[in-house]
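What follows is a short report on a single structure.
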Number of protein chains: 2
Amino acid sequence: MRNLDAHEDYKVDSQKLAGSLRRLAGDFPQPQEEYPAPYGVVGFGEGWWPAELAHLWVPRLMTEGGTQFVLKGGLDLGAAGGAVAAAEASGARVVLVGFGGEVDVPVEPHPLSPYRYLRFLQEATGESETGRRVDEALATLAGQLDTSVPTEDNPAKFFAWNLIERVPVWVVSERYAGLAQALQQSFARIAGSLSIAPPPGSLEFFITALESRHEQGDPLAAVVVGNDEKTKLAVEILETRVDTVLELPEPPAAGLIPEMMAAWYFTAWTAYYLAILFGRDPADAAVLRRLREEA
Amino acid sequence: MRNLDAHEDYKVDSQKLAGSLRRLAGDFPQPQEEYPAPYGVVGFGEGWWPAELAHLWVPRLMTEGGTQFVLKGGLDLGAAGGAVAAAEASGARVVLVGFGGEVDVPVEPHPLSPYRYLRFLQEATGESETGRRVDEALATLAGQLDTSVPTEDNPAKFFAWNLIERVPVWVVSERYAGLAQALQQSFARIAGSLSIAPPPGSLEFFITALESRHEQGDPLAAVVVGNDEKTKLAVEILETRVDTVLELPEPPAAGLIPEMMAAWYFTAWTAYYLAILFGRDPADAAVLRRLREEA
């Protein structure tokens, strides 16, 4: 078996994702100009989750005379282009963020791009104070989760070991809308692995979904984010139905967005270590790159 | 193995869910009065999906002087009560739909309740024409999917056989927002079984999530709803990564809501037959009933 504390096992990381993770706090495009308020944000492809986070402080569509940010995250088969045309027709100033020929603010396709989209938006729309708290949280976590921190002191390495041969079920506080799906996406993209995000009404799902089959198939690991009453009840329900329960450490940050970004960042490190344990390159799959060029 | 064409294998169906399925079209609470417009709809617990469907024609919150429908679907630990208080403070007329002591329009907790909430809302808010098309679609499907239709002519029985020992992955056209999660929920509740709804940006997920593990664990079945370009591309990507691809028959109805309700109803029948094949009572789990009394 591979060893997360042995230098040579990280050689599969062809694009040095560990370095990108380590230096993520602060690594985003700074706005080069002032954007007139009011603001609107829509997101496509990779940009869906940063757009959803941004909806905590800006609407989807701006009203007259402001700036419409369009996060053009690819694999959308032209949907972003349609949104641009609609925004332009409404008289908004359109700012395209993402990748492709005609963007105003480039963000490369990358497993960690949600952070970059989000931080650009925070700086561009007067939310840099929250952004600073996000960066503080990520910098604190980077010190705890880095490859140089040995397994016995490194909770992300510990999580990765516990997720081998298990399928994670994301048990996420309802305060963190959209987070379970964002974790499902990042876990797939970095670890190349499947996980389960529950539908709304997750308590009912946790009670019923494992009735017929919980002695068959892949063993499950409940990965818990948050500790409100409902999340604790979900854990109680799941305890007898899953192999193991893993609770994310308290986030080193307060506030919805810093807390969610801390959970996302922790999960990205975990997925990274799981890829190393699988002997898999955590870089983007070649098929994803090819498809991006076509779609 | 059990036989879906043998009468005695249906004895596990203690609450006669087959009868409720067969007679579902038309089986909903009719409004007993006029409700003043404008309307707003919020949904909790079981009511989350009918509320999301209703948002295709009414907003979450009404503006002054209208009616605020609150779908009180249980297991929400008091969140519906908070919504009622907020709506009342805003001066709206509040109509509570669902279960519990103080509701205005009773809808019992039931695996098929999403239909009942939806149809009530359609009749109460001037959308009965769309509702009629939903009922026509369900009545047509009832004739094709009933227990009396033998396996060789019954696509829901065929789907159930193909889902034994496989985990469904819902591959749903983006037109049908929320449907994958609604199918995940109903499948859990009726078949007692796990399935996977992808996050937004589902193409990326389908490409990446099965890289490390597609030769391990439970075999997957892609269950496909819709046939637009993007859904076809997703099927192409999944074909080499899953055990089998099952495409839902064309819905016998046109329009977003009738099409989504047809897919949901088809899936409910499929989940029902899968429960029978597992020898499992498709009625609600006792633990779900107990929890509902507490929460």
Open item on the list: Among the listed residues A:Leu61, A:Leu53, identify the single one that is over 24 Å from A:Tyr272 (Cα atoms) and within 25 Å of the chain's Cα centre (by Cα).
Closed with: A:Leu61
Open item on the list: Any residue at all in segment B:239-254 that's within 21 Å of B:Gln181 (Cα to Cα), part of a helix (DSSP H, G or I) and out of contact with any Lys or Arg (no Cβ under 7 Å at 6 or more places or on another chain)?
Closed with: no
Open item on the list: Quick test of your reading of the structure: A:Glu165 fulfils all but one of (1) of a type outside the set (Gly, Ala, Ser); (2) within 22 Å of B:Pro168 (Cα to Cα); (3) surrounded by 20 or more Cβ atoms within 10 Å (Cβ to Cβ). Name the failing condition by number.
Closed with: (3)
- [ ] Kindly list, by first and then second residue, each pair from a residue in segment A:129-140 that is within 19 Å of A:Ala18 (Cβ to Cβ) and at pLDDT 95 or above to a residue that is aromatic (Phe, Trp, Tyr) and surrounded by 20 or more Cβ atoms within 10 Å (Cβ to Cβ), limited to pairs with Cβ atoms under 7 Å and residues at least 6 apart or on different chains.
- [x] A:Leu138/A:Tyr265
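Okay, residues lined up against (1) over 21 Å from A:Gly81 (Cα atoms); (2) of a type in the set (A, V, I, L, M):
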| position | (1), (2) |
| --- | --- |
| A:His7 | yes, no |
| A:Leu17 | yes, yes |
| A:Ser20 | yes, no |
| A:Trp48 | no, no |
| A:Gly65 | no, no |
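Take the residues in segment B:181-196 that are free of Cβ contacts under 8 Å to residues at least 40 places away in the same chain and assigned to a helix (DSSP H, G or I); name whichever of them is farthest from B:Val235 (Cα to Cα). Don't jump to the end; show me each part of the working.
In the first step, residues of segment B:181-196 are kept if they are free of Cβ contacts under 8 Å to residues at least 40 places away in the same chain; the result is B:184, B:188, B:194-196.
Cutting the leftovers down to assigned to a helix (DSSP H, G or I) gives us B:184, B:188.
Values: B:Gln184: 18, B:Ala188: 23 Å.
Among those residues, the one meeting the criterion is B:Ala188.
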TODO: Go through segment B:175-209 and give me each residue that's at pLDDT 95 or above and over 16 Å from the mean Cα position of the chain (by Cα).
DONE: B:Pro198, B:Pro199
Open item on the list: Take A:Val245 and tell me if it is more than 26 Å from A:Ala25 (Cβ to Cβ), surrounded by fewer than 18 Cβ atoms within 10 Å (Cβ to Cβ), within 13 Å of chain B (Cβ to nearest Cβ) and out of contact with any Gly (no Cβ under 9 Å at 6 or more places or on another chain).
Closed with: no
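Within segment B:3-26, track down each residue that is assigned to a loop (DSSP other than H, G, I, E, B) and surrounded by 15 or more Cβ atoms within 10 Å (Cβ to Cβ).
The answer is B:Leu4, B:Asp13, B:Leu24, B:Ala25.
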Task: Identity of the residue in segment A:46-76, crowded, with 21+ Cβ neighbours inside 10 Å and farther than 15 Å from B:Gly201 by Cα, that ends up nearest to the other protein chains (Cβ to nearest Cβ) - done: A:Leu53
- [ ] Filter segment A:225-241 for residues that are within 11 Å of chain B (Cβ to nearest Cβ), more than 25 Å from A:Met261 (Cβ to Cβ) and at pLDDT 90 or above and give the result.
- [x] A:Leu233, A:Glu236, A:Ile237
Open item on the list: I'd like the full set of residues that are among the hydroxyl-bearing types (Ser, Thr, Tyr), part of a helix (DSSP H, G or I) and within 30 Å of A:Arg292 (Cα to Cα), limited to segment A:109-165.
Closed with: A:Ser113, A:Tyr115, A:Tyr117
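Taking the condition part of a loop (DSSP other than H, G, I, E, B) and at pLDDT 90 or above, does A:Pro258 pass? Spell out the reasoning first.
Values: part of a loop (DSSP other than H, G, I, E, B): no; at pLDDT 90 or above: yes.
It is false that A:Pro258 is part of a loop (DSSP other than H, G, I, E, B) and at pLDDT 90 or above.
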Task: Qualifying residue in segment A:270-280 (condition: among the aromatic types (Phe, Trp, Tyr) and farther than 22 Å from A:Thr147 by Cα) - done: no
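For segment B:110-131, which positions are more than 18 Å from the chain's Cα centre (by Cα) and either crowded, with 22+ Cβ neighbours inside 10 Å or not acidic (Asp, Glu) (or both)? Outline the logic, then answer.
Keep residues of segment B:110-131 that are more than 18 Å from the chain's Cα centre (by Cα), which gives B:123-129.
Correct list: B:Ala124, B:Thr125, B:Gly126, B:Ser128.
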Open item on the list: Taking the criterion of being out of contact with any Pro (no Cβ under 9 Å at 6 or more places or on another chain), within 11 Å of chain B (Cβ to nearest Cβ) and either surrounded by 14 or more Cβ atoms within 10 Å (Cβ to Cβ) or more than 17 Å from A:Gly178 (Cα to Cα) (or both), would at least one residue in segment A:256-263 satisfy it?
Closed with: no
Open item on the list: Just to verify a result, which residue in segment B:270-283, among those that are more than 8 Å from chain A (Cβ to nearest Cβ) and assigned to a loop (DSSP other than H, G, I, E, B), is farthest from B:Lys157 (Cα to Cα)?
Closed with: B:Ala283
Open item on the list: Suppose we filter B:Ala222, B:Ala209, B:Ala197, B:Ala191 for residues that are crowded, with 23+ Cβ neighbours inside 10 Å, within 14 Å of chain A (Cβ to nearest Cβ), touching a Leu at 6+ places or on another chain (Cβ under 7 Å) and within 30 Å of B:Arg132 (Cβ to Cβ); which single one remains?
Closed with: B:Ala191
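The values are calculated or read from the model by the stated rules, or taken from the named source; none is laboratory data. These numbers were taken from a predicted model, which means no experiment stands behind them. A quick note on method: Cβ atoms are made from the backbone with ideal geometry, for glycine too, and the neighbour counts reach across all protein chains shown.
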